[in-house]
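Student: After the structure tokens below, expect a handful of questions from me.
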Amino acid sequence: MLKRRLIPKLQMKARHIGRSERMVLVATIQFDEVVDIGDPVSQAKIYEAQAADELIFLDLDASLENRETRVDVVRKAAEEIFMPITVGGGVRTIADFRRLLSNGADKISVNTAAVKTPDLIERASDTFGAQCVVLSIDYRQAKDGEYYVWIEGGRVKTSLNPVDWAIAGERRGAGEILLTSIDRDGTRRGLDLEITRRVAENVSIPVITSGGCGAASHFVEGFLAGKADAVSAGTYFCFKDENTMQTRAQVKNAGIPIRLHR
Amino acid sequence: MIGIVDYGMGNLLSVYNALEMVGADVQLCPEPKQLQTVERIVLPGVGAFRDCMVNLKKKGFVEALEDAVLGKSKPILGICLGMQAMARRSFEGGEYQGLGWIDADVVRLQPNDSLRVPQIGWNDIIYQLDSPLFSSLPPAPDFYFVHSYYMKCHNEINVDATCDYGGLVTVAIRKGNIFATQFHPEKSQEYGLKILENFLQWNP
């Protein structure tokens, strides 16, 4: 039976140390209030030892010129980590896709560029296969109660509804959807089950949900009430004395099919 | 020396890194003639079937592979699309001829319940207990999958492993010196590396 997945999310920003630039692992709260954690590759190795199911690397400074640094992180991670790696942040062109894929990424997530030039999804899907195109959707609830997709790392609001955009993304050839609730990001108060469920019920491709995990029970809710195929978390795995193995055991106890390590 | 067929389809680096990890002497082979000097071959692949066959033909790999695998009986490991390429034909986006080494068709996953396509993630498999490629693995190990199509064998004897995805799906085949997996051993952590190790020691 196919297992549900736990996916640590490694968010990175570029930092200048002396004259050199390197990527640093960070945690965010509502896409703001950045806290530095450490080295992304070292942290990825810890997640590998804890038998995470996949990893997502997100470059939060993607608009800046730090692409070499990011490719380095992906290449180093791929040398030592034998599980699927998704990379995202600032991917705009087919050449960006090719560059990251040839340096060890398995899947590429697109967000802002997919909204601005939706045919990027089709072209990438035709060129590399739907399985490596992850449509990343950041969204938040407006004062009127409606949900809207935000782009540019949560700085720019669009008129798109996240559920409609997920459906459109599937139609254009995305192979997976990565949902992130900006409102809940880093707050540890639980996933947005409502939007997760509505997306999961309206697309036939896998749905990864994220934003708000603070307890193992939140993962369980994401799978049961949210009907997600995978739950991703950054802050939860970075800070808490919780690791994927412990979380996995609690998910298993709730009767959800999940991979057990050894 | 183990050669990875480099024909422009997918993430060769991961396969390269994983083979090095288990101690192999690995060489990327962008030229078909390089297949003459290697002892073992890995045919990876991610993407669409049609492009895969077009690229293999365009770069002259079809004859080189036939010579090495069918002529000289070198052990070969196909991965994902590299496995599907070994079938007679595929129905992905039309009907296309494959290498034709295995009497099989590549067809779309049609799970009989509400499961999603593509199948993405970890699934447990049932393998032939006498298969040297699955030697020293526990029963029902999990492997990482990402695919929308799979190989439907006409000859049961070629099936080396299956998984359940809303019905029985062939996930590994073995025939003489040919072995292939639908899942990604290079992305399946410890168990995946074990399969690569077994392949390096395999003497069909």
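The values are calculated or read from the model by the stated rules, or taken from the named source; none is laboratory data. Fair warning: this is a prediction, and the values are worked out from it, not measured in the lab. No Cβ is skipped: glycine too gets one built from the backbone with ideal geometry, and neighbour counts run over all protein chains shown. In case anyone asks, the SASA skips ligands and DNA or RNA and just uses the protein heavy atoms, side chains included. Shrake-Rupley method; radii C 1.70, N 1.55, O 1.52, S 1.80 Å.
Student: Got a sec? Which residues of the range B:124-148 lose 10 Å² or more of accessible surface with every protein chain in place, vs. that chain alone, 1.4 Å probe?
Tutor: Residues losing area: B:Asp124, B:Asp142, B:Tyr144, B:Val146.
Student: 5 Å is the cut-off here: which amide hydrogens, built 1.01 Å from N in the peptide plane, fall below it relative to B:Gly100, excluding neighbours closer than 5 in sequence?
Tutor: Distant-sequence amide H within range of B:Gly100: B:Ala87, B:Arg88.
Student: Then there is this: Equivalent-ellipsoid semi-axes (√(5λ), Cα gyration tensor) for the range A:5-252, whole Å, largest first?
Tutor: Semi-axis lengths for the range A:5-252 are 24, 22, 18 Å.
Student: Still on this structure, I have one more. Between A:Ser159 and B:Glu31, what FRET efficiency follows from the Cβ-Cβ distance if R0 is 45 Å, with the result rounded to 0.05?
Tutor: It comes to 0.30.
Student: So, in nm, how far is label B:Ile157 from label B:Asp67 when the simple model puts each one 7 Å beyond its Cα toward the Cβ?
Tutor: Placing both labels 7 Å beyond Cα along the Cβ direction yields 3.0 nm.
Student: Diagonalise the Cα gyration tensor of the protein assembly as shown and give the resulting equivalent ellipsoid semi-axes, square root of 5 times each eigenvalue, largest first, whole Å.
Tutor: Semi-axes (√(5λ), whole Å): 36, 23, 22.
Student: Taking all protein chains together and a probe of 1.4 Å, list A:Tyr139, B:Tyr127 from the most accessible to the least accessible.
Tutor: Largest to smallest exposure gives the sequence B:Tyr127, A:Tyr139.
Student: Let me check against my output: what whole-number percent is the relative contact order of chain A, with C-alpha pairs under 8 Å and at least 6 apart? Intermediate results must be reported in sequence, preceding the final value.
Tutor: Working: 571 pairs, mean separation 47.9, N = 262.
Relative contact order here is 18 percent.
Student: Within chain A, what whole-number % of the accessible surface is contributed by carbon and sulfur, with the 1.4 Å probe and all protein chains included in the calculation?
Tutor: 48
Student: Could you run the numbers on buried accessible area between B and A, total for both chains, 1.4 angstrom probe, in Å² to the nearest 100?
Tutor: 2700
Student: Between B:Gln201 and B:Gln110, what length comes free when the chain is fully extended (0.36 nm per residue of separation minus the Cα-Cα distance, one decimal in nm)?
Tutor: 29.2 nm
Student: Per residue of B:109-121, count partner chain C-beta atoms within 10 Å of its C-beta, then hand back the mean as an integer.
Tutor: Going residue by residue through B:109-121 and averaging, the value is 5.
Student: Nearest 5 percent is fine: what portion of the DSSP beta bridges confined to chain A is antiparallel?
Tutor: For chain A, the DSSP antiparallel bridge percentage is about 35.
Student: State, as an integer percentage, the relative contact order of chain B based on alpha-carbon contacts under 8 Å between residues 6 or more apart.
Tutor: The value is 20 percent.
Student: Through the Karplus equation 6.51 cos²θ - 1.76 cosθ + 1.60, θ set to phi - 60°, convert the phi angles of the range A:20-29 into ³J(HN,Hα) values in whole Hz; use x for Gly and Pro.
Tutor: These are the phi-based 3J(HN,Hα) values: 8, 10, 9, 8, 10, 6, 10, 10, 10, 10 Hz.
Student: On to the next question. Which value, in Å² rounded to 10, gives the accessible area of A:Ser102 with a 1.4 Å probe and all protein chains present?
Tutor: 70
Student: Now for a different question. Please give the average number of partner chain Cβ atoms lying within 10 Å of the Cβ of each residue in A:249-258, rounded to a whole number. Kindly include the intermediate steps, with their values, before the conclusion.
Tutor: Details: counts 0, 0, 0, 0, 0, 0, 0, 0, 4, 2.
Average per residue, whole number: 1.
Student: Along each of its three principal axes, how wide is the spread of alpha-carbon positions in the range A:107-215, in whole angstrom units, largest first?
Tutor: Computed over the Cα atoms, the extents are 39, 27, 22 Å.
Student: If the chain between A:Ala49 and A:Glu194 were fully stretched, how many nm would it gain, using 0.36 nm times the residue separation less the Cα-Cα distance?
Tutor: 48.9 nm
Student: Sequence-distant or interchain residues sharing an amide H contact under 5 Å with A:Arg5, placed H: which?
Tutor: Placed amide hydrogens put A:Ala230, A:Val231 under 5 Å from A:Arg5.
Student: Using a probe radius of 1.4 Å on heavy atoms only, what accessible surface per residue do you get for chain B? Whole Å² is fine. Before the final figure, lay out the partial values.
Tutor: Numbers: 7820 Å² over 204 residues.
It amounts to 38 Å² per residue over chain B.
Student: How large are Rg and Dmax for the range B:1-93 when calculated on the C-alpha trace, in angstrom?
Tutor: Both quantities, over Cα of the range B:1-93: 12.4, 39 Å.
Student: With all protein chains present and a 1.4 Å probe, how do B:Val106, A:Val35 order by accessible area, largest first? Can you show the working numbers first?
Tutor: Working: B:Val106 0, A:Val35 65 Å².
Accessible-area ranking of B:Val106, A:Val35, largest first: A:Val35, B:Val106.
Student: Next question. Taking θ as phi - 60°, what are the ³J(HN,Hα) couplings along the range B:167-172 by the Karplus curve (6.51, -1.76, 1.60), each to the nearest whole Hz, with x for Gly and Pro?
Tutor: 3J(HN,Hα) across the range B:167-172, in whole Hz: x, 7, 10, 6, 10, 8.
Student: What's the Kirkwood radius of the range A:1-116 in Å, using all Cα pairs?
Tutor: 14.6
Student: Would you mind estimating how fast chain B diffuses translationally, via Stokes-Einstein at 10 °C and 1.306 mPa s with the Kirkwood radius over Cα pairs, in µm²/s?
Tutor: 95
Student: Turning to a different aspect of this structure: Residue by residue through the range B:82-92, what is 3J(HN,Hα) from phi via Karplus (6.51 cos²θ - 1.76 cosθ + 1.60, θ = phi - 60°)? Round to whole Hz and write x for glycine and proline.
Tutor: Those phi angles translate into x, 6, 4, 4, 7, 6, 5, 7, 10, 9, 7 Hz.
Student: Let me ask another. Work out which residues of the range A:131-150 lose at minimum 30 square angstrom of accessible surface when the other protein chains are put back, relative to the chain isolated, with a 1.4 angstrom probe, and list them by number.
Tutor: Those residues are A:Gln131.
Student: If the limit is 31 Å between Cα atoms, which of A:Lys9/B:Lys57; A:Lys9/A:Lys157; A:Lys45/B:Lys175 go over it?
Tutor: In this structure, A:Lys9/B:Lys57; A:Lys45/B:Lys175 lie more than 31 Å apart at Cα.
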